[in-house]
Ligand code: SF4
């Protein structure tokens with residue numbers, strides 16, 4: 001643990017990077033409706049990139065706070081006090097901690113064997129893949145100011161763990177691998193990726209091409225240009241790639257999004273995953289805090305209520321779909337991730353009620369209600385059900401015939 005006093009005298013930031021007594025293993029993935037993987041391999045608890053919208057604190061780390069506090073010297077006293085005061089430091093301090101797991105080759109091998117036995121009983125939309133990583137980034141830099149020795153130890157440990165686990169999956173199983181990162185450090189492992197052939201897909205998360213917005217939403221991650229150069233190098237190295245346009249932010253309009261998709265399309269990704277920002281725990285507060293520090297206004301009004309959020313989310317899905325058609329993104333490449341909350345008809349009708357009041361100064365009744373009902377039954381729910389159907393919407397994998405996807409264009413309004 002250390003204090004990052006360069007953050008300014010008023011806001012000396014405490015950070016904690018270390019190795020904890022948990023083993024890096026392959027575990028069944030908790031993802032639903034994503035078509036990313038069957039298994040995950042998470043090398044750390046926490047993530048140095050500290051994305052302000054990140055869902056991981058709510059879904060994974062805050063449940064481990066008490067256990068981590070019991071590891072001597074790991075968690076700053078101020079963070080423990082925060083929890084006693086009713087806040088989750090796992091959430092408020094997101095980005096300020098990353099605890100690498102231990103490497104135990106026997107344990108990893110056991111988990112690899114178990115995954116190999118189980119894979120055929122799992123939904124085929126996981127593409128038999130182990131994902132690096134689902135709750136952290138496999139290529140993060142743990143920099144401990146004033147302690148170059150420990151910095152080197154931690155970063156070598158991270159690197160060796162990722163490389164060795166990849167080699168073992170390649171040599172002792174027939175599982176596939178999906179890498180997802182925001183970091184150009186991945187280039188250091190392209191030599192291993194190449195030995196996987198079509199068994200590995202390498203992807204980067206690129207929500208925006210604007211470095212100013214990137215520093216609000218992905219504060220400690222490398223900037224968009226560095227990510228694009230990494231994708232370029234992957235293509236040059238002959239590595240199969242995909243991109244996660246995730247999440248698209250409310251601050252950018254159609255022209256910025258078109259430019260982003262046009263740029264990403266040039267890399268010919270196998271899949272272009274997309275989702276808007278979903279509301280989880282404290283992520284709105286993290287986004288607003290980060291914007292305040294940088295002196296930027298974010299369009300947080302789209303998160304003011306569930307109805308506002310639904311309108312933004314549906315709007316983003318429609319816009320990305322429209323732009324992909326306009327730019328002739330090949331069929332089967334775009335893969336949308338609608339959140340499960342969007343599948344609520346009650347929620348949809350409340351959104352329509354809000355729009356009727358705002359746009360027509362009236363209640364949702366008569367023709368307006370009928371139109372909303374039609375939209376739900378003919379367009380929205382079939383579209384959502386398609387993306388939530390694990391048998392139908394399988395993301396593309398190199399070497400496999402691409403799945404001919406549902407023609408969403410026909411059911412979404414232009
Ligand atoms: S890189 Fe991924 S896991 Fe890390 S903070 Fe960002 S979204 Fe979360």
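Restricting the stretch 132-163 to residues that are in a loop (DSSP other than H, G, I, E, B) and farther than 23 Å from residue 56 by Cβ, which is nearest to the ligand (Cβ to nearest atom)?
So the first thing to find is which residues in the stretch 132-163 are in a loop (DSSP other than H, G, I, E, B), and the list is 133-147.
Those left that are additionally farther than 23 Å from residue 56 by Cβ: 145-147.
Working: 145: 20, 146: 24, 147: 23 Å.
Across the stretch 132-163, the extreme among qualifying residues is 145.
The residues of the stretch 261-275 that are surrounded by 19 or more Cβ atoms within 10 Å (Cβ to Cβ) and in contact (Cβ under 8 Å) with a residue 60 or more places away in the chain, listed by number, are 261, 269, 270, 271, 272, 273, 274, 275.
For (1) under 25 Å from residue 201 (Cβ atoms); (2) modelled with pLDDT of 95 or more, each residue gets a yes or a no:
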{"site": "20", "(1), (2)": "no, yes"}
{"site": "44", "(1), (2)": "yes, yes"}
{"site": "56", "(1), (2)": "yes, no"}
{"site": "59", "(1), (2)": "yes, no"}
{"site": "68", "(1), (2)": "no, yes"}
{"site": "72", "(1), (2)": "no, no"}
{"site": "87", "(1), (2)": "no, no"}
{"site": "97", "(1), (2)": "no, yes"}
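For the criterion of being more than 16 Å from the ligand (Cβ to nearest atom) and within 18 Å of residue 111 (Cβ to Cβ), residue 166 passes.
Being over 30 Å from residue 249 (Cβ atoms) and within 16 Å of the ligand (Cβ to nearest atom) is true for just one of 45, 24, 59. Which residue is that? Let's see the steps before the verdict.
Numbers: 45 fails: over 30 Å from residue 249 (Cβ atoms); 59 fails: over 30 Å from residue 249 (Cβ atoms).
Going through 45, 24, 59 in turn, just one is over 30 Å from residue 249 (Cβ atoms) and within 16 Å of the ligand (Cβ to nearest atom): 24.
Residue pairs whose Cβ atoms lie under 8 Å apart, sitting 6 or more positions apart in sequence or on different chains, and linking a residue in the stretch 38-52 that is closer than 14 Å to residue 100 by Cα to a partner that is within 8 Å of the ligand (Cβ to nearest atom) and not in a loop (DSSP other than H, G, I, E, B), are 47/56. Scanning the stretch 213-238 for residues that are more than 16 Å from the ligand (Cβ to nearest atom) and touching a residue at least 40 places away in the same chain (Cβ under 8 Å) turns up 229, 233, 234, 237, 238. Among the residues making up the stretch 268-290, those that are modelled with pLDDT of 95 or more and in contact with a helix residue (DSSP H, G or I) (Cβ under 6 Å, 6 or more places away or on another chain) are 274, 276. In the stretch 53-80, the residue that is surrounded by the fewest Cβ atoms within 10 Å (Cβ to Cβ) out of those that are without any contact (Cβ under 8 Å) to a residue 40 or more places away in the chain and either assigned to a loop (DSSP other than H, G, I, E, B) or touching a helix residue (DSSP H, G or I) at 6+ places or on another chain (Cβ under 9 Å) (or both) is 72.
When you go through 106, 120 one by one, which is the residue that is loosely packed, with under 13 Cβ neighbours inside 10 Å and over 23 Å from residue 201 (Cβ atoms)?
On the way: 120 fails: over 23 Å from residue 201 (Cβ atoms).
The match here is 106.
Taking residue 175 as the residue in question, decide whether it is over 21 Å from residue 141 (Cα atoms), buried (at least 20 other Cβ atoms within 10 Å of the Cβ) and within 19 Å of the chain's Cα centre (by Cα). Spelling it out, it is not the case that residue 175 is over 21 Å from residue 141 (Cα atoms), buried (at least 20 other Cβ atoms within 10 Å of the Cβ) and within 19 Å of the chain's Cα centre (by Cα).
One residue stands out in the stretch 28-42 among those that are over 15 Å from the mean Cα position of the chain (by Cα) and either surrounded by 20 or more Cβ atoms within 10 Å (Cβ to Cβ) or closer than 26 Å to residue 277 by Cβ (or both): the one that is nearest to the ligand (Cβ to nearest atom), namely 39. Taken together, the residues in the stretch 98-119 that are in contact with a strand residue (DSSP E or B) (Cβ under 6 Å, 6 or more places away or on another chain) and in a loop (DSSP other than H, G, I, E, B) amount to 1.
The values are calculated or read from the model by the stated rules, or taken from the named source; none is laboratory data. Quick caveat: nothing in here was measured; it's all calculated off a predicted structure. Cβ sites come from the backbone with ideal geometry, for glycine too, and all protein chains shown count toward neighbours.
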